[in-house]
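The values are calculated or read from the model by the stated rules, or taken from the named source; none is laboratory data. These numbers come from a predicted model, not from an experiment. Glycine also receives a Cβ, built like all others from the backbone with ideal geometry; neighbour counts cover every protein chain displayed. Note: accessible area is taken over every heavy atom of the protein model, side chains too, but ligands, DNA and RNA are not part of it. Shrake-Rupley method; radii C 1.70, N 1.55, O 1.52, S 1.80 Å.
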Amino acid sequence: MIQKIQYVVTKETNPYKNIALEEYLLKNTKPGSCVLYLWQNRHTIVIGRNQNCWKECKVTKLEGDGGFLARRLSGGGAVFHDLGNLNFTFLVPEEDYDVDRQLKVIVEACRFLGICAEKTGRNDITVEGRKFSGNAFYKTEKKCYHHGTLLLRVDMENLSQYLNVSTDKLKAKGVSSVKSRVTNLCEYCPDITVELMTEKLIEAFEKVYGLKAEEIPIDSLPKKELEERTQFFGSKEWKYGNHLPFTFSCSKRFEWGDIDLQLQVEKGNIVDVKIYSDAMEETFLLKWMDALKKIPFRQQDMIEKLENLALENEVQKQMIKDMIALLKEQEL
């Protein structure tokens, strides 16, 4: 049961520092507490943990224009951040994790500003059918976070020129372009600012949880530890991942997300595996990769490994069913 709520607001706009702070707050979340973290990244594409950065965005162009490529811990798809975007993270112990309650804070904050927002789909918040907030989720060591974007005054031209959105994903959503799917909240509240939205989010946080929120001062946090993690999240190894030379690949778009399976095969055995995906079940995908390593490169062996994975929910059951069907379509 949540007995204490706290918030952190940072003026830092370096994505690697912000992701490092988010990780620190998660590791140090206390029982019975919920922390709301509000932050901004400047000129950044943030990709999901298991995504192929070269496929998801124009990396060379982004970095050539002075932008940042960042990889987060959570799953999900690629998003563009600039200073017209405000990001939020709810950090809570697993037993108090409640996505609906957390999303209610966002919806209430919008309603304080006269914006009729609502939750739609698996992880979006929309106004008049147009998306202004996407969400992703992460769990580790019995602690969870739920984070997302709020488009206030994002440069839509930049949003569309750096992202590579697959035609399959657009078709699945019944739209023709990235820009047609999203909207800025300034269209519905012309006076909106980052400062005003921040104020309303804290106000809504207190209303939904029925508690007074305490601020966690940035200066009270350990600088050395945060700097070390900043360097990690900014490293080439973490940002770009290991682009695996592969001899077999297959990909497809499903209801739960897209998947790109790459296998390196030597002497008839799978010696390495890479899975790129925007699926929310990021830790489950890591189990797939482990299961498929060091087995014969045969359809039935791969299928048997997937069938023997422990499943925790209906989404995972559907993912396995779809992946097995995809493997059966391949001519191996």
Based on the inverse mean of 1/r over its pairs of different Cα atoms, what is the Kirkwood hydrodynamic radius of the range 204-332, in Å? 17.7 Å
DSSP beta bridges in the chain, what fraction antiparallel, as a percent rounded to 5? 75 percent
Taking protein heavy atoms only, a 1.4 Å probe, and rounding to whole percent, the accessible area of the chain owed to carbon and sulfur comes out at 48 percent
Among the lysines, which fall within straight-line cross-link reach of Lys321, defined as a Cα-Cα distance under 16 Å, with same-chain neighbours fewer than 8 residues apart omitted? Lys252, Lys287, Lys305
If I model a spin label at Lys30 and Asp290 as a point 7 Å from the Cα along the Cα→Cβ vector, what separation in nanometres do I get? 3.3 nm
Geometric extent, Cα atoms of the range 8-63 - Rg, Dmax (angstrom): 14.1, 45
Please report the net charge: other residues with Cβ closer than 12 Å to the Cβ of Asp82, K and R +1, D and E -1. -1
Starting from the Cα gyration tensor of the range 244-298, take the square roots of the eigenvalues, sort them a ≥ b ≥ c, and report rounded, prolate or oblate (rounded when a/c is under 1.5, otherwise prolate if a/b is larger than b/c, else oblate). prolate
From the square roots a ≥ b ≥ c of the eigenvalues of the alpha-carbon gyration tensor of the range 64-160, which class results: rounded (a/c under 1.5), prolate (a/b over b/c), or oblate? oblate
Given the C-alpha centroids of the range 217-241 and the range 63-90, what is the distance between them in whole angstrom? 15 Å
Relative contact order (%) - criterion: Cα under 8 Å, at least six apart; region: the range 1-52: 52 percent
Nearest-ten-degree value, helix 99-112 long axis tilted from longest Cα axis of the chain: 40 degrees
Helix-derived mean residue ellipticity, 222 nm - over the chain, DSSP H n ≥ 4, -39500 (n - 2.57), to 500: -10500 deg cm²/dmol
Accessible-area order for His43, His146, largest to smallest, probe 1.4 angstrom, reads His43, His146
Only Cα pairs under 8 Å and at least 6 apart count here; give the relative contact order of the chain as a rounded whole percent. 19 percent
Cα-based reach from Lys104 at 21 Å (exclusive), listing lysines while leaving out same-chain residues under 8 positions away: Lys4, Lys119, Lys131, Lys139, Lys143, Lys200, Lys207, Lys212
Accessible area per residue of the range 16-129 at 1.4 Å probe, in Å²? 34 Å²
Tell me, what is the 1.4 Å probe accessible area of Val9, in Å² to the nearest 10? 40 Å²
